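Data block below; observations after.
The values are calculated or read from the model by the stated rules, or taken from the named source; none is laboratory data. Quick caveat, the model's predicted, so the values are computed rather than measured. Cβ placement follows ideal geometry from the backbone for every residue including glycine, while neighbour counts extend to all protein chains displayed. Accessible surface is based on the protein model in full, side chains and every heavy atom, while ligands, DNA and RNA are left aside. Shrake-Rupley method; radii C 1.70, N 1.55, O 1.52, S 1.80 Å.
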Amino acid sequence: MTINSVSTRPTVAATANRSSRETFFRSTNARRYTLLFLQVAIVVLLLGGWELGVRSGNINAFLFSSPSQVWEVLVQRFQSGEMVTDVRVTAVETLVGFAVGAIGGSILGLLLWYSRFISDLAAPFIAAIGSIPVLAIAPMTIIWFGTEMLSKVVIVAFSCVVVSLTTSYKGAMRTDPDLINLLRSFNAGRGTIFFKLVVPSAMLWVLSGLRLNVGFALVGAIVGEYISSDNGVGHMILLGSSNFGMNIVLAGIVLVMLMMLCFNALVAFLERLILSWDRK
């Protein structure tokens, strides 16, 4: 009797654990689908109310346009190829500038761990550079680097570098000193400590800086295109506003939001990739 009861306990426990896990996953999926449904419903209601307001005359179509007019602009620009060109130009400017500014700034911030003296020396200069608004430096960047893509990449990089540098440096400096002393007790060099301990422990800070910089990078590209450009989503918005074409302006804003979602998904994928590699 005792043997049978003992032998059945693991089976009962395993069944209970499996049932709790299945309940958890079902509840998690249900919550995810519920949120998705509510988000879609909110968007549909807002767009539907906006469209009905315009068609009924309660909303001024000249000042606020309408979802159908914005959709027509997107379809027309897609068919003509203008939208593809604008999105491609802005995306390349954003991604290249993000790689230079955000990733380069993260590397510089981590390297500052090597010397507290240099980091303290550079701190006020970093803070001063970070206080400069992108809109103020954009005209000078256009003059220095021309009106082509290089100037936009520089503006995007400038928008990202300080945030990534600061967050990565803070993450490096928060490395557990006991672990550093432990590695030093095994005669580990500074390079070994840096790559084996400092970089992995600061990775969450680095990824946080990258997530923050996605929006800054896209805004930097749009600002650069506002100053001087022949194409790009920023140029599209500027063209629409100068001609009082609210439907073109809103179509450009829609493209910016869609690009932002795509860039966020790309950074989230990069984050999962790095964290999964770090766990191995």
Somewhere in segment 152-172, is a residue over 17 Å from Ala102 (Cα atoms), surrounded by fewer than 22 Cβ atoms within 10 Å (Cβ to Cβ) and in contact with a helix residue (DSSP H, G or I) (Cβ under 7 Å, 6 or more places away or on another chain)?
no
For Glu271, all conditions in the list (1) within 18 Å of Gly97 (Cβ to Cβ); (2) touching a residue at least 24 places away in the same chain (Cβ under 8 Å); (3) assigned to a helix (DSSP H, G or I); (4) not basic (Lys, Arg) hold save one; what is the number of the exception?
(1)
Looking only at segment 189-222, count how many residues are β-branched (Val, Ile, Thr), without any contact (Cβ under 8 Å) to a residue 24 or more places away in the chain and open to solvent by less than 30 Å² (accessible area, probe 1.4 Å).
1
Please go through segment 102-125 and pick out each residue that is of a type in the set (Val, Ile, Thr) and over 14 Å from Met173 (Cβ atoms).
Ile103, Ile107
Which residue pairs have Cβ atoms under 9 Å apart, sit 6 or more places apart or on different chains, and have a first residue in segment 42-53 that is aliphatic (A, V, I, L, M) and a second that is outside any helix (DSSP H, G or I) and at pLDDT below 90?
Leu52/Asn58; Leu52/Ile59
Just wondering, is there one or more residues in segment 224-235 that are part of a helix (DSSP H, G or I), of a type in the set (A, V, I, L, M, F, W, C) and closer than 23 Å to Leu95 by Cβ?
yes
Select from segment 93-151 the residues that are in a helix (DSSP H, G or I), hydroxyl-bearing (Ser, Thr, Tyr) and open to solvent by 50 Å² or more (accessible area, probe 1.4 Å) and list them in ascending order.
Tyr114
